[in-house]
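The values are calculated or read from the model by the stated rules, or taken from the named source; none is laboratory data. On a predicted model such as this, the values are computed, not experimentally measured, just so you know. Cβ coordinates were reconstructed from backbone atoms using ideal geometry, including for glycine residues, and neighbour counts include every protein chain displayed.
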Amino acid sequence: MGTQNQLPLLSLNERDRRWELIRKDMEERGLDCLVIQGDQGLWGYNDCNVRYVTGIGDFGYALFPLKEDPICFVWWTAPYQARRSKDESHLTSTIRSKVKKDAPTRNPWALEKPWVRDIRQGWPRPSEAIVTAIKDLGLEKGTIGLVSTYHSWEPEGTFPYTVIKNLYSALPQAELIENATDILEKARLRKSTEEIRCIEVAGEIADRGIEAALNHIRPGVNEVGVYAKVVEAFLAHGSERLFMNWWASGQAPTHTQYFVPTDRIMCEGDILYNEYTPRYGGYVAHPHQPISIGKPIEEYQTMFALLKQTRDEALSKLKPGVTIAEQTEALTKPLEDAGYSYLHCPFHGLGLSGLEFPNAEFWGKTSPYVVSPPDMVFEEGMVLAYEPMISTPDRKIGFPLGDTVIVTKDGSRRLSKYCDDLIVV
């Protein structure tokens, strides 16, 4: 893997590994190409499939043929075309001759080298651009799979209805397969060494955000001021700009209390927790570090002690071959047996999306995403947001203790040097 400013870059070998996985599945299912949709919704998670095959994190589409090189469709191609043109004006040459040749450069997608050469403008009518490319490849009579017609976190998908309708209309002799998303989800399920290294870097950035919160949270400071320091730390240490930073604080917080901070002044007795999700190379880390301003009340101490014990005991059992159901029970049953409940899900997958397979069931079977089969087993290379959450029996007050966890050959490992207890400041 190459480096730039000491950070990892995704290689062409990594690209080829992914393409081979996808094409093997395509060939088995008789698909000539995939049309992959992406956008920057849900903190950029909706772009995961396009980015997985092209390396480009711009909202757009990708055409992924079985044999030819992929084509990427972006919102606006002028910047790409200008950079790649061999023609250079006299003024440009003059400027280049006067500026520093060894100044640091920027690699926005964390790629060692570009993965896709054919980049086309997809807007304002992406279906027209996609149809033209399909015809360029002679695949207008082929079998074409559509990707992003559903996601684990978006069961009804993000693929625009109008684009699908236009593809049917413009390609009457093609066979469109609308349920090909699982090909990408299967390929993304187990992370490579390079992917895990990106997640590790994101985890290091997340720790810088936790430290920023610890350094600035105190009575008399408003919530948004602390939040701003966390965001500043993320960006200063290499996070991409699209990330989720779920916020909840107060004397009796719960997971769904706030989505963003307010100008509320924090005070003694407040509990703060965030879901810190910076991204590097598109990959997400997902620790949860609860913080108490001053000594927490006895009830909170009791709840956190049980939550930590439950988390640690369940984590000690996590390894390849263990089922989703076994881990779900290990992370929830001790809480319920002690008279508590829980909110959210005890774990879900991580990668280019912060919500991937494998997924556990939410409390009360009210999951807002597609849940993995209970008999699905963990495998080496899976990465989890491991986030058990304890709550009062009525689920009105609750908090998590979570971390990014990688399933290893014979166990698992956490990434954060924090996220091991309630920190008191």
Restricting attention to the range 292-320, and to residues there that are under 24 Å from the mean Cα position of the chain (by Cα) and outside any helix (DSSP H, G or I), which single residue is surrounded by the most Cβ atoms within 10 Å (Cβ to Cβ)?
LEU318
Looking only at the range 165-180, decide whether some residue is surrounded by fewer than 17 Cβ atoms within 10 Å (Cβ to Cβ), touching a residue at least 60 places away in the same chain (Cβ under 8 Å) and part of a helix (DSSP H, G or I).
no
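Would you mind stating whether GLY402 is touching a Leu at 6+ places or on another chain (Cβ under 9 Å), crowded, with 24+ Cβ neighbours inside 10 Å, under 20 Å from LEU343 (Cβ atoms) and not charged (D, E, K, R)? First the steps, then the outcome.
On the way: touching a Leu at 6+ places or on another chain (Cβ under 9 Å): no; crowded, with 24+ Cβ neighbours inside 10 Å: yes; under 20 Å from LEU343 (Cβ atoms): yes; not charged (D, E, K, R): yes.
Answer is no for this residue.
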When you go through (1) modelled with pLDDT under 95; (2) within 17 Å of the chain's Cα centre (by Cα) one by one for VAL53, which number turns out not to apply?
(1)
Complete set of residues in the range 144-164 that are in a helix (DSSP H, G or I) and without any contact (Cβ under 8 Å) to a residue 12 or more places away in the chain:
TYR161
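Name the one entry in PRO368, PRO400, PRO393 that is of a type outside the set (A, V, I, L, M, F, W, C), within 27 Å of THR149 (Cβ to Cβ), modelled with pLDDT under 95 and in the same structural domain as GLU326 (by TED's automatic domain parsing). Don't jump to the end; show me each part of the working.
Values: PRO400 fails: within 27 Å of THR149 (Cβ to Cβ); PRO393 fails: within 27 Å of THR149 (Cβ to Cβ).
From the options PRO368, PRO400, PRO393, the qualifying one is PRO368.
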Considering only residues that are in contact with a strand residue (DSSP E or B) (Cβ under 7 Å, 6 or more places away or on another chain) and not in a helix (DSSP H, G or I), look in the range 181-199 and name the one that is surrounded by the most Cβ atoms within 10 Å (Cβ to Cβ).
LYS191
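Rundown of residues vs (1) in the same structural domain as ASP47 (by TED's automatic domain parsing); (2) among the charged types (D, E, K, R); (3) more than 18 Å from GLY321 (Cα to Cα), yes/no style:
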{"residue": "GLY381", "(1), (2), (3)": "no, no, no"}
{"residue": "GLU387", "(1), (2), (3)": "no, yes, yes"}
{"residue": "THR404", "(1), (2), (3)": "no, no, yes"}
{"residue": "LYS409", "(1), (2), (3)": "no, yes, no"}
{"residue": "CYS419", "(1), (2), (3)": "no, no, yes"}
Options LYS141, LYS113; residue that is outside any helix (DSSP H, G or I), at pLDDT below 95, basic (Lys, Arg) and outside the structural domain of TYR273 (by TED's automatic domain parsing):
LYS113
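Taking the range 57-68, which residues are of a type outside the set (A, V, I, L, M, F, W, C) and under 18 Å from GLY30 (Cα atoms)? Working first, answer last.
Restricting attention to the range 57-68, the residues satisfying the condition of being of a type outside the set (A, V, I, L, M, F, W, C) are 57-58, 60-61, 65, 67-68.
The answer is PRO65, LYS67, GLU68.
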With respect to GLY44, determine if the residue is on the phi > 0 side of the Ramachandran plot, of a type outside the set (Asp, Glu) and either surrounded by fewer than 17 Cβ atoms within 10 Å (Cβ to Cβ) or not assigned by TED's automatic domain parsing to the domain that holds ARG197 (or both).
yes
All but one of (1) more than 23 Å from THR54 (Cα to Cα); (2) among the charged types (D, E, K, R); (3) not assigned by TED's automatic domain parsing to the domain that holds ALA133 hold for ARG197, so report the exception by its number.
(1)
Considering the range 334-377 alone, what residues qualify as being surrounded by fewer than 21 Cβ atoms within 10 Å (Cβ to Cβ) and within 19 Å of THR408 (Cβ to Cβ)?
MET376, VAL377
Of the residues ILE271, ILE265, only one is surrounded by fewer than 17 Cβ atoms within 10 Å (Cβ to Cβ), of a type in the set (A, V, I, L, M, F, W, C) and over 25 Å from LEU352 (Cβ atoms); which?
ILE265
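Could you tell me which residue of the range 118-134 is modelled with the highest pLDDT, considering only residues that are assigned to a loop (DSSP other than H, G, I, E, B) and not small (Gly, Ala, Ser)? Quick ask: steps written out before the conclusion?
Looking only at the range 118-134, we keep the residues that are assigned to a loop (DSSP other than H, G, I, E, B), and these are 122-125.
Checking which are not small (Gly, Ala, Ser) leaves us with 123-125.
Values: TRP123: 86, PRO124: 89, ARG125: 92.
Top of the filtered list is ARG125.
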Note on the range 37-50: residues at pLDDT 90 or above and among the small types (Gly, Ala, Ser) are GLY38
Filter the range 208-244 down to residues that are over 22 Å from GLN40 (Cα atoms) and acidic (Asp, Glu) and give me whichever is farthest from the chain's Cα centre (by Cα).
GLU223
Determine which single condition TYR276 fails, assuming it passes every other condition in (1) more than 21 Å from TYR386 (Cα to Cα); (2) under 22 Å from the mean Cα position of the chain (by Cα).
(1)
Please tell me if ALA187 is of a type in the set (Gly, Ala, Ser), touching a residue at least 40 places away in the same chain (Cβ under 8 Å) and out of contact with any Ser or Thr (no Cβ under 9 Å at 6 or more places or on another chain).
yes
Which residues, taken from the range 71-107, are farther than 23 Å from GLY55 by Cα, of a type outside the set (Asp, Glu) and modelled with pLDDT of 80 or more?
SER89, HIS90, LEU91, THR92, SER93, THR94, ILE95, ARG96, SER97, LYS98, VAL99, LYS100
